[in-house]
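Okay, structure first, notes after.
None of the figures in this text is laboratory data; all of them are computed from the coordinates on show. All values derive from a computational prediction rather than experimental measurement. Every residue, glycine among them, receives a Cβ derived from its backbone with ideal geometry; neighbour counts consider all protein chains shown.
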Amino acid sequence: MKPMSLLAGAAAFAVATIGGAQSPAAPTFNDPADVAAIKAIEEVLATELDIEKLMPLYAQDAVVLDLFTPGVFQGKEQIRAGFAPQLGAIKSMTKTTPEMIVATNGTFGCVASQVAYETVMKDGKSFKMNVRVLDALKKIDGKWQVVQQHLSLPVDPATLAAMTEAPIEGRSMQWSATPLEPVSTTPEKAKEEIREYMDVGGASVGLEKLMTYYGPGDDTLLYDGFSAKSLIGKKEIADFYAPIMGSYNGISLEMPLFAVDSDGSFGIQIDTQQLTLNMKDGTKRKVALRQSDCMRRVGGKWYSFLEMVSYPIDAATMKAQVTF
């Protein structure tokens, strides 16, 4: 190749590189191969009773919020210790999954689902239980693994009793034209921003402020501990939260547990919260809850588009622990 051709080729490469840096490609949303791989993992997670077959599906530093108190497992050792006795007591189990919503960009993936179980225990007892799941997965060394998992049951707000057989509607999500934007910041900066999002958004006063953290469109889902059904779209979420957000005028927030990860476009977080609410009637109320979110960065701001808020259940009384 002549020197002039070399120079021209170098210049063309430089222009292409600069142009690419200025205009990062939009992520591939819900690539069929990724969705199929994630759904296959979810099937094993929902049906497998052998703890040894389950453990490879969890990342080394995975965090799990379990149905029952104390309900927090951090790392594979605690996950194994927490789940092994539960699975070991089960003789057989069947399930259906009336609701499953998947979102992935090929690096991170989230699955919001409601699973209806029929279980027979080794002691002869049997029961039905409809469980909510929000799983966050990450592709690590080319393989999808669970990095955050949140399991819950809805709770009767009057009695705090777990609603183990709350009907499942089996809803679906209509995704927007652009569910995820291109990566627009570094993973490190994204994690800092998501922590700030939780510190500020988690202590929201007033419905208007709270709702700025969801969306930004209606392809947004919430599983709340006091709602018997999934809430889809900002109007449903706002209508549900309006009475709660109108009942207090001050709040303080502490998060004993907080874990976050992101690629700069897709973010995931899981936490436990201790809230002190200054109620409008002059009283104070202490609330303990768990929350996990799958988030997207749009226009330089983070929004939750899949969220679960829950309360751990006391297995002896089957009532939620909602305070600290």
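Quick notes on this one:
- The angle between the Cα long axis of helix 3-22 and the longest principal axis of the Cα atoms of the chain comes to about 30 degrees, rounded to the nearest 10.
- Residue exposure proxy: MET295, MET129, ordered by other Cβ atoms within 10 angstrom of their Cβ from fewest to most, comes out as MET129, MET295.
- Nearest-0.05 FRET efficiency for ALA81 and LYS143, computed from C-beta distance (R0 25 Å): 0.60
- Residues in segment 150-182 reached by a label modelled at GLN74 [backbone nitrogen below 18 Å; 7 Å Cα→Cβ]: 150-151
- Folded to 0 to 90 degrees: helix 187-201 orientation relative to the chain principal axis, Cα: 40 degrees
- In segment 32-320, taking the dipole from charged Cβ atoms about the Cα centre, the farthest positive-side position among LEU54, GLY88, ALA177 is held by GLY88.
- Segment 110-159 versus segment 302-317: alpha-carbon centroid distance in Å: 11 Å
- Near TYR214, the amide H atoms lying under 5 Å from its own belong to SER304; only residues 5 or more places off or on other chains count, and H is placed 1.01 Å from N.
- Computed on segment 32-320, with alpha-carbon pairs under 8 angstrom and 6+ residues apart, the relative contact order is 17 percent.
- Loop-located GluC sites (Glu not before Pro) in segment 91-166 whose Cβ has at most 12 other Cβ within 10 Å (DSSP): GLU165
- Dipole axis of segment 32-320 (+1 Lys, Arg; -1 Asp, Glu on Cβ), positive-most option in MET295, VAL72, THR104: VAL72
- Summarising the label geometry, the points placed 7 Å from Cα in the beta-carbon direction at GLU208 and GLU48 lie 5.0 nm from one another.
- Full-extension gain in nm, GLU192 to ALA158, via 0.36 nm per residue minus C-alpha separation: 8.5 nm
- Beyond 21 Å in Cα-Cα separation lie the following of the pairs LYS91/LYS128; LYS39/LYS128; LYS76/LYS189; LYS234/LYS319; LYS39/LYS143; LYS229/LYS319: LYS39/LYS128; LYS76/LYS189; LYS234/LYS319.
- For segment 178-286: rounded, prolate or oblate by the Cα gyration tensor [a/c cutoff 1.5]: oblate
- Karplus-derived HN-Hα couplings along segment 149-161 (A = 6.51, B = -1.76, C = 1.60, θ = phi - 60°), whole Hz, x at Gly and Pro: 9, 10, 10, 7, 10, x, 10, 5, x, 7, 10, 6, 6
- Rounded to 0.05, the FRET efficiency of the THR283 and PHE258 pair, given R0 = 30 Å and the Cβ-Cβ distance, is 0.60.
- Near ALA26, no amide H atom lies under 5 Å from its own; only residues 5 or more places off or on other chains count, and H is placed 1.01 Å from N.
- Counting 0.36 nm for each residue step from SER247 to ALA177 and taking away their Cα separation leaves a gain of 21.6 nm.
- Alpha-carbon centroids, segment 197-223 and segment 247-300: separation in whole Å: 10 Å
- Principal-axis tilt of helix 234-245 within the chain, Cα atoms, nearest 10 degrees: 50 degrees
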